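> Can you keep this structure in mind? I'll have questions shortly.
The values are calculated or read from the model by the stated rules, or taken from the named source; none is laboratory data. What you see is a predicted model; the values in this text were computed from it and never measured. Reconstructed Cβ throughout: ideal geometry from the backbone, glycine too, with neighbour counts over all protein chains shown.
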Amino acid sequence: MLDLSQGDRLTFSVITALVLQVNLWEMVSRSTPLNIAVLLILLGFSIFSWTIIFAKWSTFGRARRADTRFLRAFRKANALDAVMVASEQFRPAPLVSVFDFGYEEVSRQVKSRGRVINTVSLERWLQLGTSEELSKLERNMGWLATTASVSPFIGLFGTVLGIIRSFQELGQQGSSSLRAVGPGISEALIATAVGLAAAIPAAIFYNHFGNIIKEMGARMDDFSLEFLNLTERSYGE
């Protein structure tokens with residue numbers, strides 16, 4: 001048995017060995033209600049984050065594939081009307097929504113004046129379509145950022161609680177043995193581990209999805225230029 005009063009050192013290897021000898025359920029069952037609340041909060045953050053991650057992964061995959069198919073059809077078309085007819089089959093694509101914004105403005109100008117003469121207005125409508133689609137793509141991304149930044153501190157809070165409890169028990173028992181402070185230290189390490197387990201995947205996928213959104217935003221900007229070119233050829237002066 002390790003006795004701190006005899007000069008034994010509390011090293012990382014000693015703490016690790018102690019944790020491996022303690023049953024996880026036993027540690028949780030000995031925890032105070034506040035410690036358990038910390039673990040449940042972290043578990044909730046983790047579950048919700050993974051739900052968002054799987055949903056975003058599926059959504060972005062479908063959107064990128066649909067964008068590729070729609071862009072291929074758009075470039076083969078000779079007029080906006082032909083693209084409008086074919087666009088329904090690519091409806092999940094963000095580029096289709098941008099196209100809808102632009103086509104609606106083109107239709108208004110052609111109906112009232114016979115041709116497109118206000119390209120500035122058309123550019124604004126295309127930008128509105130791009131902004132709206134980016135807002136949809138960024139939905140719930142803030143939760144991943146929050147989980148990545150907050151979870152480690154919540155875990156640290158649980159760590160502090162465990163250490164405080166350990167030293168309180170040490171003082172009450174009048175013992176300097178590691179066995180007296182071991183349960184609290186174990187609980188502290190569990191809280192830290194759970195906090196990191198929630199934060200690390202959230203941070204990784206937040207950056208990954210952020211890059212995908214930037215890529216799709218650039219593609220929508222490029223599509224707007226192609227839309228303006230086709231409009232000029234079809235309805236320009």
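> When you go through F70, F54 one by one, which is the residue that is modelled with pLDDT of 90 or more, more than 26 Å from the chain's Cα centre (by Cα) and not in a loop (DSSP other than H, G, I, E, B)?
On the way: F54 fails: more than 26 Å from the chain's Cα centre (by Cα).
The unique qualifying residue is F70.
> Taking the options I213, I190, I185, I163, name whichever one is touching a helix residue (DSSP H, G or I) at 6+ places or on another chain (Cβ under 8 Å), of a type in the set (V, I, T) and at pLDDT 85 or above.
Residue meeting the stated conditions: I213.
> Among the residues of region 86-127, which ones are under 13 Å from E232 (Cα atoms) and crowded, with 18+ Cβ neighbours inside 10 Å?
Within region 86-127, G102, Y103, V106, Q109, V116, L122 qualify.
> So, in region 204-235, exactly how many residues are within 30 Å of L161 (Cβ to Cβ) and surrounded by fewer than 17 Cβ atoms within 10 Å (Cβ to Cβ)? Outline the logic, then answer.
First, pick out the residues of region 204-235 that are within 30 Å of L161 (Cβ to Cβ): 204-206.
Retained after the next criterion (residues that are surrounded by fewer than 17 Cβ atoms within 10 Å (Cβ to Cβ)): 204.
Of the residues in that region, 1 qualify.
> Could you grab the pairs with beta carbons closer than 8 Å, sequence gap of 6+ or different chains, first residue in region 132-150 and without any contact (Cβ under 8 Å) to a residue 40 or more places away in the chain, second one surrounded by 14 or more Cβ atoms within 10 Å (Cβ to Cβ)?
E132/S97; E132/F101
> Tell me the residue from E104, E88 that is assigned to a helix (DSSP H, G or I), of a type outside the set (S, T, Y) and in contact (Cβ under 8 Å) with a residue 12 or more places away in the chain, please. Working first, answer last.
On the way: E88 fails: in contact (Cβ under 8 Å) with a residue 12 or more places away in the chain.
Criteria check complete, one pass: E104.
> While we're here: Quick one: which of L10, L42 is of a type in the set (A, V, I, L, M), surrounded by 11 or more Cβ atoms within 10 Å (Cβ to Cβ), modelled with pLDDT of 60 or more and on the phi < 0 side of the Ramachandran plot?
L42
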